[in-house]
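Below is one structure, written out as structure tokens; the observations come after it.
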Amino acid sequence: MADESVRAGAVAAAAEALRRGDLVAMPTETVYGLAAAAGDARAVGAIFLAKGRPRFNPLIVHVASLAAAEAIAIVGGEAERLARAFWPGPLSVVVPRRPGAAVSDLATAGLDTIAVRVPSHPVAQDLLAAFAGPIAAPSANRTGHVSPTTAAHVVADLGDRVSIVLDAGPTPLGLESTIVGLADGEARLLRPGAVARTDIETVLGRPLAAPTPAAIPNAPGMLPSHYAPAAAVRLDVSKVKPGEALLAFGKTLPSGAERAIATVNLSPSGDLREAAANFFAGLRNLDRCATAIAVAPIPDEGLGEAINDRLRRAAAPRR
Ligand code: TXA
Ligand code: MG
């Protein structure tokens, strides 16, 4: 969508599709989202059907600005501080839902809290402006699968379910938003993501607390097995076994790397931001050519915390 008028036309058509109650694939700076009008119960229901997502797992609602967030949520205190520091950008806050908010109960799974964020991706911003209302959007993959960082990933998983895919190329960050829960007086890290924990703690001036069972809906994104490729995934390998593909990181490769049937190095220079951007696509590519994937150790600092979170779920026993 390099050409401005082509992009404007595609965005206008997507906004019109949302108004009709159709689903649209929307690029964000994190991953592609499966978007619906958040106030349209039928359209939001279609998201759950398309993804095969359990109805008790609420969606993130995307808005154009902090002011637009205030119309559907109560964003005060620490939530507002985080919003001012990181919006637009890859941070979602879980805060009290504003009574009477024009958001379907299905989107919030009937909870009195709501997850909101203001995406920074210019195409997401344009779509929010053209639609002029809140947009519910989970990652545009089938539930439990690897998250989509290109339009082709969306088409592979959900191509028959979306009326329009706004293709803006690979998403720049490649990992989902960090989710911070602020609905119970604590600031809890509900999901590590594209904003590093330490950057949030610096703004708050205190450490993030761990999630409690009450703060996490019984959500697949939080369940042990998720983000799962078809291949078996083995973590922290120091030695590649015959028949395995290798997901590598940095200059030092595990022993036996030369016999890997395929290798993706997430960042040969050892840069965690680059690794995050390459992560889901790398997993998908290796999944296409191997039945077992060996994963090299990845440092658990900065964005490494979110990468390792996704890796643990990808490697967990399948349900
Ligand atoms: O980067 C992202 O966050 C992407 C893009 C498209 O914005 N979206 C995304 O959505 O990752 P999804 O549905 O794959 O993950 C949303 C997570 C789920 O784990 C859900 O349980 C959690 O947000 N969530 C939503 N509402 C919540 C609430 N009220 N309380 C706690 N967790 C909530
Ligand atoms: Mg997801």
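Residues of the stretch 129-138 being in contact with a strand residue (DSSP E or B) (Cβ under 9 Å, 6 or more places away or on another chain), away from ligand 2 (no atom under 16 Å from the Cβ) and either closer than 14 Å to residue 60 by Cα or in a loop (DSSP other than H, G, I, E, B) (or both), which ones?
Narrowing the stretch 129-138 to residues in contact with a strand residue (DSSP E or B) (Cβ under 9 Å, 6 or more places away or on another chain): 131, 133-138.
From the residues that got through so far, the ones that are away from ligand 2 (no atom under 16 Å from the Cβ) too are 131, 133-134.
Within the stretch 129-138, 133, 134 qualify.
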Notebook entry, point to check: How do the pairs read when you match residues in the stretch 6-33 that are under 24 Å from residue 277 (Cα atoms) and at pLDDT below 95 with residues anywhere that are among the charged types (D, E, K, R) and within 16 Å of ligand 1 (Cβ to nearest atom), using Cβ under 9 Å and keeping only pairs 6 or more apart or on different chains?
Noted result: 7/126
Next item on the list: Please specify each residue of the stretch 252-306 satisfying the condition of being charged (D, E, K, R) and more than 15 Å from residue 232 (Cα to Cα).
Entry: 258, 259, 271, 273, 274, 300, 301, 305
Margin query: For the list (1) in contact with a Leu (Cβ under 6 Å, 6 or more places away or on another chain); (2) away from ligand 2 (no atom under 13 Å from the Cβ), I need the number of the one condition that residue 146 fails.
Written below: (2)
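Please work out which residue is nearest to residue 279 (Cα to Cα), limiting yourself to the stretch 149-189 and to residues that are among the charged types (D, E, K, R) and within 16 Å of ligand 2 (Cβ to nearest atom).
Step one: filter the stretch 149-189 for residues among the charged types (D, E, K, R), giving 157, 160-161, 167, 176, 184, 186, 188.
Applying the additional criterion that residues be within 16 Å of ligand 2 (Cβ to nearest atom) yields 157, 161, 176.
On the way: 157: 17, 161: 25, 176: 11 Å.
Top of the filtered list is 176.
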Next item on the list: Please identify the pairs in which a residue from the stretch 185-208 that is assigned to a loop (DSSP other than H, G, I, E, B) has its Cβ atom under 8 Å from the Cβ atom of a residue that is surrounded by fewer than 16 Cβ atoms within 10 Å (Cβ to Cβ) and of a type in the set (Lys, Arg), counting only partners at least 6 apart or on another chain.
Entry: 187/206
Notebook entry, point to check: Which one is nearest to residue 302 (Cα to Cα), of the residues in the stretch 162-172 that are of a type outside the set (Val, Ile, Thr) and surrounded by fewer than 24 Cβ atoms within 10 Å (Cβ to Cβ)?
Noted result: 172
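Those residues that are over 20 Å from residue 35 (Cα atoms) and either away from ligand 1 (no atom under 14 Å from the Cβ) or not aliphatic (A, V, I, L, M) (or both), I need them from the stretch 154-192; list them, please. Spell out how you get there, then give the answer.
Just the residues of the stretch 154-192 that are over 20 Å from residue 35 (Cα atoms), to begin with: 180-192.
Of everything in the stretch 154-192, those that are over 20 Å from residue 35 (Cα atoms) and either away from ligand 1 (no atom under 14 Å from the Cβ) or not aliphatic (A, V, I, L, M) (or both) turn out to be 181, 184, 185, 186, 188, 191, 192.
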Notebook entry, point to check: If only one of 92, 104 is in a strand (DSSP E or B), assigned by TED's automatic domain parsing to the domain that holds residue 155 and not basic (Lys, Arg), which one is it?
Noted result: 92
Note to self: If I filter the stretch 44-61 down to residues being in contact with a helix residue (DSSP H, G or I) (Cβ under 9 Å, 6 or more places away or on another chain) and more than 14 Å from ligand 2 (Cβ to nearest atom), which single residue comes out as nearest to residue 13 (Cα to Cα)?
What the structure shows: 61
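Under the condition of being surrounded by fewer than 22 Cβ atoms within 10 Å (Cβ to Cβ) and either among the polar types (S, T, N, Q) or within 13 Å of ligand 1 (Cβ to nearest atom) (or both), which residue from the stretch 142-153 is farthest from residue 228 (Cα to Cα)? Before you say what the answer is, go through the steps one by one.
Taking the stretch 142-153 and keeping what is surrounded by fewer than 22 Cβ atoms within 10 Å (Cβ to Cβ), we get 142-144, 150-152.
In the following step, the residues that additionally are either among the polar types (S, T, N, Q) or within 13 Å of ligand 1 (Cβ to nearest atom) (or both) were identified as 142-144, 150.
Numbers: 142: 11, 143: 9, 144: 6, 150: 17 Å.
Looking at residues that are surrounded by fewer than 22 Cβ atoms within 10 Å (Cβ to Cβ) and either among the polar types (S, T, N, Q) or within 13 Å of ligand 1 (Cβ to nearest atom) (or both), I get 150.
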Next item on the list: For the stretch 1-43, enumerate the residues that are within 15 Å of ligand 2 (Cβ to nearest atom), touching an Asp or Glu at 6+ places or on another chain (Cβ under 6 Å) and not hydrophobic (A, V, I, L, M, F, W, C).
Entry: 30
Check: Do we find a residue being acidic (Asp, Glu), buried (at least 24 other Cβ atoms within 10 Å of the Cβ) and not assigned by TED's automatic domain parsing to the domain that holds residue 154 anywhere in the stretch 238-247?
Finding: yes
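Each row is one residue, and each column tells you yes or no for (1) closer than 24 Å to residue 196 by Cα; (2) within 14 Å of ligand 1 (Cβ to nearest atom); (3) surrounded by fewer than 16 Cβ atoms within 10 Å (Cβ to Cβ); (4) free of Cβ contacts under 8 Å to residues at least 12 places away in the same chain.
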| site | (1), (2), (3), (4) |
| --- | --- |
| 37 | no, no, no, no |
| 40 | no, no, no, no |
| 50 | no, yes, no, no |
| 100 | no, no, yes, yes |
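Can you tell me which residue is farthest from residue 201 (Cα to Cα) among those in the stretch 262-307 that are crowded, with 19+ Cβ neighbours inside 10 Å and polar (S, T, N, Q)? First the steps, then the outcome.
As a first pass, look at the stretch 262-307 and keep what is crowded, with 19+ Cβ neighbours inside 10 Å: 264-267, 272, 275-284, 286-287, 290, 293-296, 298, 303-307.
Within this subset, residues satisfying the condition of being polar (S, T, N, Q) are 265, 267, 278.
On the way: 265: 30, 267: 26, 278: 26 Å.
Once the filter is applied, the top-ranked residue is 265.
The values are calculated or read from the model by the stated rules, or taken from the named source; none is laboratory data. Here the structure is a predicted model, which means the values were calculated and not measured. We place every Cβ from the backbone using ideal geometry, glycine too, and count neighbours over all the protein chains shown.
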